[in-house]
Amino acid sequence: MKRFAELIDGLIFTPSRNGKIRLMGDYFSHTPDPERGFALAALTGGLSFTDAKPAALRNLVMTRVDPVLYGWSYDFVGDTAETISLIWPPRPGANREPDLSEVVETLAETRRVDVPKVVERWLDALDAQGRYALIKLITGSLRIGVSARLAKTALAEWGKCPVDEIEEVWHGLTPPYRPLFDWLEGKAERPAVGEGAGFRPLMLASPLEDDDIAALDASIYRAEWKWDGIRVQLVAKGGECRIYSRTGDDIGPAFPDILETMDFDAVLDGELLVTRDGVVAPFNDLQQRLNRKAVTAKMLLDYPAYVRLYDILFEGPEDLRQLGFEIRRKRLEDWYGRAKPQRMDLSPMLPFTTWGELAELRNGARENSIEGLMLKRFDSAYVAGRPKGPWFKWKRGPLTMDTVMMYAQRGHGKRSSFYSDYTFGAWKGDELVPVGKAYSGFTDEELVRLDKWVRNHTTKRYGPVREVEQGLVLEVAFDSVHRSTRHKSGVAMRFPRVARIRWDKPPHEADRLETLEKLIVE
Amino acid sequence: MVDITHMTHMTSTTPAAPSANVASASIPVPESWIKVLPQGLYVEPGDFFVDPVRPAARAVITHGHADHARPNNERVLATPDTLAIMRARYGDAAGASLQALPYGERLRIGEVNVTFVPAGHVLGSAQAVMEYRGCRIVASGDYKRRADATCAPFEPVPCDVFITEATFGLPVFRHPPDEGEIARLLHSVELFPERSHVVGAYALGKCQRVIALLRKAGYDKPIFLHGALIPLSNLYQELGVDLGDLRPATGLKKDAFVGQIVMAPPSAVADRWARRLPDPVVCMASGWMTVRQRAKQRGVELPLVISDHADWDELCQTIDDVGAPEIWVTHGREEALVHHATSRGIRARALAMVGFDEEGQGEMPEPPEVPVRGGSPTQGELL
Ligand SMILES: [Zn+2]
Ligand SMILES: [Zn+2]
């Protein structure tokens, strides 16, 4: 447990992706089986056991510490798991420290009423770091900024093997993944490719710039809309149903309305959306449904989920991935006609003959639900990763507006010495109201200059945040804008980034909030 | 346990002290002779202040941290090492006349006997033991109980009133063993050989302690210092604390710091100064690093829970060890410690003293709530 707890803390504090990969690789090198396999399962969301409720743990800690002191401590720390892990009175030598496998295996066969008793023993035996990892693990909230895909990437780098090969064999395996580690350490053959409801690595598109399109032959590409939802893979195999995000995280539990319609045997690729009466709702609505372990009946009603299908990978046992796109599309249409799944439709194909025609179509589309176009070669096989050439995404031009920098915050990792995150505002009367935050879109040289500007124009400091003079205009680009009750301005931008720094422009000439409000598409 | 009533060596400027064993009938109540004034803790029958926050005619200084040892007092009494630290920091402003009182020696000031006893906080740090007509009050300044190779260990003194700090006065603060924290630093150095490690540490005490711990763990490579840490580290070496090969972190090419450990003040580790270092892993040595959110807020990648203040268990242990029927809490998280003492039948009160660094000398100031959570909730990659 000690190594696992150290890994968890390391992952929490390490901002860079490469740093996290290094930490996980180091852990896999230095930790024996089956411990590391259970850790991998914890990181990839592959563990199932009776979880503990935070309230039960709070009750438990109250039997051991003064409630008044607990209250003050919680007020100071601000997080239940962390407060309990820190305040738990140590009883050194009370019990043997459990290892991760023991925790997982014991909880798998413990009834919920007995969980606190078991947990109490472990809390006594562990140190604060170990207690924190244990509590995060058993309350099922191991949110440490690591996706299943990243954990598998770390495993792949450590085992010197392409991550997609790991994805291929993944669904035939269960924790603690002994055959997988044996294979990666060269001690055994590659595990057989499973037939289960696992994730198949997605095919991704490369971005297409306006200037590059002329070089492409319009006759061999097919076009469809690029929808503004999240990419999902629906897997229904042998009675098991899963919904995977593009990184292979199982997000099914948050979408029971989709799961219950998956009474077929296929693997499908599509876009998850929230729709009302056939109209796609703003992305913000979909967001209400994401990152949840469970959903209420009210949420299912208020934010009904929907999947717009665009590809088929398996039909029954048949792997269609080697077929060309156009053939797969025909198979998808035929399958859809027979299966008639609820809460799903087909993403329509957009016929065109010239790029000019398509560009017009793209520029005409202003709905929030459309991000641009997807171009797919008619003969492209479905291959994992992002091959250059067969698929392109051709995003429509962003919206822009001139805003005024209001606050600057330090960045993370390599940027921690720079004020690199900017909150910007638009005019409302003669007052600025914050409308968004951007931390990209500028070059390293520009960042140095921006950082210097922030330091020379600071009016107030709040810890890592500086308030600055209302003196610098930032032209920001964003994909769309929607209403938001979470923001004082009442609007929220999607993917804002700095397009240009207008050193030349007087702040009072920046745009007004009303301008932004007009861009909202209801 | 020190029994200072049996000390024989006396350095007196005034006639010998009366015996501590005078009739109990005449023992004064503590509040009648030690008072909290705006300038600080005032000892009336000696006419001096302990760690005054404003310049005073006579000051007894517990240790060299800037919130306890302030410049421009007229007459200053402190341990020899604390005076050396004050001279290094303030030069002539350290005080018009400086008088050294070694640990364990007694000095009579007015009607009060003063003795310094080690506090284990930083080099030279002392508890001021004050006796007046059979009543003994100990002002502990700042202190810790665990071993520290750079200073003399804390010694509990039985007393009538124990005046304590409470910087880490909540039961969530239990500092782990130093060795484990240093091992994590060394493991990270091994894991990221192409990067540098910059450790934020306060200039007096913490910096030297971290270096001493690294040396104890067998790390014998040169350790590089930010300019602000050099004078006091040199002074420590002059005063007999061996810190090994120390070098200034200036005038070198970026490459020179690859795989190296660099010490810097907390304010510099994530600021422009650190840009001279190759992809630094930002480390911070502080008791506040216990709380993850605090560490994250500061952009710390490797928090090291190493503190020069007593943690909760040490505070409680010390209250038991000194056996005082009454405690006064000067600064920090007073309410929890007062609550704890009261529940054990000990009279306790918070002195609500101002002017002390609530966060504990150079350790993290807490940033206030960010004023605006502007921007889109949907920025960045989802899932
Ligand atoms: Zn101090
Ligand atoms: Zn202090």
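Take the alpha carbon atoms of region B:214-274, find their center, do the same for region A:254-292, and report the distance between the two centers in whole angstrom. First find each Cα centre; the distance between them is then 56 Å. Rounded, prolate or oblate: which fits region A:206-395, taking a ≥ b ≥ c as square roots of the Cα gyration tensor eigenvalues, rounded meaning a/c under 1.5, else prolate when a/b beats b/c? Verdict is oblate for region A:206-395. Note that chain A presents 43 Å² accessible area per residue, ligands and nucleic acids not counted, probe 1.4 Å. Shape analysis of chain A places it in the oblate category; the axes a ≥ b ≥ c from the Cα gyration tensor give an a/c of at least 1.5, with a/b not above b/c. For the Cα trace of the protein assembly as shown, dividing Rg by the Kirkwood Rh returns an Rg/Rh value of 1.04. The contact between chain A and chain B removes approximately 5000 Å² from the accessible area (both sides summed; 1.4 Å probe; ligands, DNA and RNA excluded). Compute the Rg/Rh shape ratio of region A:399-517: radius of gyration over Kirkwood radius, all on alpha-carbon atoms. With Rh from the inverse mean 1/r over Cα pairs, Rg/Rh is 0.94.
With the helix formula -39500 (n - 2.57) applied to DSSP H stretches of n ≥ 4, chain A reaches a computed 222 nm mean residue ellipticity of -10000 deg cm²/dmol.
Compute the relative contact order of chain A as a whole-number percentage, counting only Cα pairs closer than 8 Å that sit 6 or more residues apart in sequence.
On the way: 941 pairs, mean separation 59.8, N = 522.
Rounded, it is 11 percent for chain A.
Output the relative contact order of region A:403-519, whole-number percent, from Cα pairs under 8 angstrom with separation of 6+ residues.
Details: 238 pairs, mean separation 33.9, N = 117.
With pairs under 8 Å counted, the relative contact order is 29 percent.
When DSSP beta bridges are restricted to pairs lying wholly in chain A, around 90% turn out antiparallel. Simple rule: put +1 on each Lys or Arg Cβ and -1 on each Asp or Glu Cβ in region A:1-62, find the dipole, and look at A:P32, A:S16, A:F49; the Cα lying farthest toward the positive end is A:S16. Accessible surface of A:T174, taken over heavy atoms with a 1.4 Å probe and every protein chain present, rounds to 100 Å².
Excluding A:D257 itself, calculate the net charge of residues whose Cβ lies under 11 Å from the Cβ of A:D257, where each Lys or Arg counts +1 and each Asp or Glu counts -1. Mind dumping the intermediate values first?
Numbers: positive: A:R289, A:R343; negative: A:E260.
Residues near A:D257 contribute +1 overall.
Across the alpha-carbon set of region A:2-138, the Rg to Rh ratio works out to 0.97, Rh being the Kirkwood radius.
Please compute the contact order of chain B in relative form: average sequence separation of alpha-carbon pairs under 8 Å and at least six residues apart, divided by the residue count, as a percent.
Details: 828 pairs, mean separation 58.9, N = 383.
In percent, rounded to a whole number, it is 15.
Candidates B:F257, B:A88, B:N234 compared by Cα position along the dipole of chain B: farthest toward the positive end lies B:F257, with charges placed on Cβ. For chain B, a Gaussian network of Cα nodes joined below 10 Å ranks B:L239, B:L101, B:L337 by mean-square fluctuation, and the top entry is B:L239.
Using θ = phi - 60° in the Karplus curve 6.51 cos²θ - 1.76 cosθ + 1.60, the 3J(HN,Hα) couplings for region A:60-70 round to 4, 5, 5, 6, 10, 10, 4, x, 5, 5, 4 Hz; x is entered for Gly and Pro. Ordering B:L302, B:A212, B:L337 by the projection of their Cα atoms onto the charge dipole of chain B, which places +1 on the Cβ of Lys and Arg and -1 on the Cβ of Asp and Glu, puts B:L302 at the extreme positive end.
Quick check: convex hull over the Cα atoms of region B:275-341, volume per residue in Å³, rounded to an integer?
Details: hull volume 7.7 nm³, N = 67.
About 114 Å³ per residue, rounded to a whole number.
Take the Cα of A:S440, step 7 Å toward its Cβ, do the same at A:H457, and the gap between the two points is 2.4 nm.
With the helix formula -39500 (n - 2.57) applied to DSSP H stretches of n ≥ 4, chain B reaches a computed 222 nm mean residue ellipticity of -5500 deg cm²/dmol. Relative to the Cα centre, the charge distribution of chain A, modelled as +1 at Lys and Arg Cβ and -1 at Asp and Glu Cβ, gives a dipole magnitude of about 920 debye. For region A:131-216, applying the loop criterion from DSSP together with a ceiling of 13 other beta carbons within 10 Å to the GluC sites (Glu not before Pro) yields A:E185, A:E189, A:E195, A:E209. Shown is the FRET efficiency for A:D75 and B:R272, computed with R0 = 25 Å from the Cβ-Cβ distance and rounded to the nearest 0.05: 0.10.
In the context of the full protein assembly, B:V43 retains an accessible surface of approximately 0 Å², using a probe radius of 1.4 Å and ignoring ligands and nucleic acids.
Restricting attention to region B:148-194, which GluC sites (Glu not before Pro) occupy a DSSP loop and are surrounded by at most 10 other Cβ atoms within 10 Å?
B:E194
Within a Cβ distance under 12 Å of A:D402, other residues only, what is the Lys/Arg minus Asp/Glu net charge? Could the numbers behind the result be given before it?
On the way: positive: A:R500, A:R502, A:K505, A:R512; negative: A:E475, A:D504, A:E509, A:D511.
Taking every Cβ under 12 Å from that of A:D402, the sum is 0.
So if I place +1 on the C-beta of Lys and Arg and -1 on the C-beta of Asp and Glu, and nothing else carries charge, what would the dipole magnitude of the protein assembly as shown be about its Cα centre? I want it in debye, nearest 20. Don't skip to the answer; put the middle values down first.
Details: 112 positive and 124 negative charges, 142 e Å.
For this selection, approximately 680 debye.
Of the trypsin sites (Lys or Arg not before Pro) found in region A:277-364, the ones in coil according to DSSP and having at most 14 other Cβ atoms within 10 Å of their Cβ are A:R292, A:K293. For A:C161 paired with A:T400, estimate the spin-label separation in nm (one decimal), with each label point 7 Å from Cα along the Cα-to-Cβ line. For A:C161 paired with A:T400, the spin-label model returns 4.8 nm. Projected onto their three principal axes, the Cα atoms of region B:178-304 cover extents of 38, 32, 25 Å, largest first.
Here the average projected area of the convex hull drawn through the C-alpha atoms of chain B stands at 21.8 nm².
Report the Cα centroid-to-centroid distance between region A:454-521 and region A:103-146 in angstrom, as an integer. Cα centroid to Cα centroid, the span is 44 Å.
Among the protein heavy atoms, those of A:V103 account for about 0 Å² of accessible surface (1.4 Å probe, every chain in place). Calculate the spin-label point distance for A:T485 paired with A:K388, positioning each point 7 Å from the Cα along the beta-carbon direction, and give it in nanometres. For A:K388 paired with A:T485, the spin-label model returns 4.8 nm.
The values are calculated or read from the model by the stated rules, or taken from the named source; none is laboratory data. All values reported here derive from a predicted model rather than from experimental measurement. Methodologically, a virtual Cβ is constructed for each residue, glycine included, from the backbone with ideal geometry; neighbour enumeration extends over all protein chains shown. When the accessible area is computed, the model is the full protein with side chains, heavy atoms only, and any ligands, DNA or RNA have been set aside. Shrake-Rupley method; radii C 1.70, N 1.55, O 1.52, S 1.80 Å.
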